[in-house]
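The values are calculated or read from the model by the stated rules, or taken from the named source; none is laboratory data. Predicted model only: the values in this text are computed from it and were never measured. Cβ: placed from backbone, ideal geometry, glycine included. Neighbour counts: every protein chain shown.
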Amino acid sequence: MSLPQLRLDNQLCFLFHRISRELDAAYRPLLADLGLTYSQYLVMLCLWERDGLGVGELGERLDLDSGTLSPLLRRLERAGLVLRRRATSDERRVTIRLTAGGRDLQERAAGIPEAIARCVVDDEAGYEVMKAELTDLAARIALSRADGSGGDGSHVRARSTGRTGRAAPVPVS
């Protein structure tokens, strides 16, 4: 006997998993034309926004640790898109700068956000609404983890939705 709250189709996490896989599939051919992986694309977005970031700043912006970020940066450097330079004043600090090739790639990437947006929303207003909702959701999840209420189930209780009999998590006040 299956408990309704444990059915795969009732899990938000599974929806996020499916969405993530679909977005990866949508990005893949667009980024392949640029010779980038999705993670490398995120690094490039940060550098196009603000060239000369330190590895620590870049990791903080992308929420990646240096063990994940360093191999990405090495591959981008081998591809001729970025240069890594140690600061002369502090050898622990490594700055990442775009090369001419990295800067030129920005123009080729300019249509990617719109192409992806067309996959998920109908218009700019829908884009802004979805972006705000997802930003709020990310903040809510982070806050839940930070205050210790996330993950252990102490802040949710199951309730029946009535019509379908499915159980849905409800925040406990």
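Could you identify the single residue in Ser39, Ser89 that is among the small types (Gly, Ala, Ser) and under 29 Å from Cys119 (Cβ atoms)?
Numbers: Ser89 fails: under 29 Å from Cys119 (Cβ atoms).
None of the other options fit; the residue is Ser39.
Check region 18-25 and report whether any residue there is touching an Asp or Glu at 6+ places or on another chain (Cβ under 9 Å), within 26 Å of Ala138 (Cα to Cα) and at pLDDT 95 or above.
Here is the first cut: in region 18-25, the residues touching an Asp or Glu at 6+ places or on another chain (Cβ under 9 Å) are none.
The answer is no, given that none of the residues of region 18-25 is touching an Asp or Glu at 6+ places or on another chain (Cβ under 9 Å), within 26 Å of Ala138 (Cα to Cα) and at pLDDT 95 or above.
Any idea how many residues of region 118-173 are among the basic types (Lys, Arg) and at pLDDT 55 or above?
Keep residues of region 118-173 that are among the basic types (Lys, Arg), which gives 118, 131, 140, 145, 157, 159, 163, 166.
Those still in the list that are at pLDDT 55 or above too: 118, 131, 140, 145.
The number of residues fulfilling the criteria is 4.
Quick one: which residue in Leu73, Leu98 is closer than 30 Å to Leu30 by Cβ, at pLDDT 95 or above and touching an Asp or Glu at 6+ places or on another chain (Cβ under 8 Å)? Steps first, answer last, please.
Values: Leu73 fails: touching an Asp or Glu at 6+ places or on another chain (Cβ under 8 Å).
Going through Leu73, Leu98 in turn, the sole match is Leu98.
Is there a residue in region 12-28 that is of a type in the set (Ser, Thr, Tyr), touching a Gly at 6+ places or on another chain (Cβ under 7 Å) and either loosely packed, with under 11 Cβ neighbours inside 10 Å or without any contact (Cβ under 8 Å) to a residue 12 or more places away in the chain (or both)? Step through it out loud before you land on a result.
Keep residues of region 12-28 that are of a type in the set (Ser, Thr, Tyr), which gives 20, 27.
Keeping just the survivors that are touching a Gly at 6+ places or on another chain (Cβ under 7 Å) gives none.
Checking region 12-28: not a single residue is of a type in the set (Ser, Thr, Tyr), touching a Gly at 6+ places or on another chain (Cβ under 7 Å) and either loosely packed, with under 11 Cβ neighbours inside 10 Å or without any contact (Cβ under 8 Å) to a residue 12 or more places away in the chain (or both).
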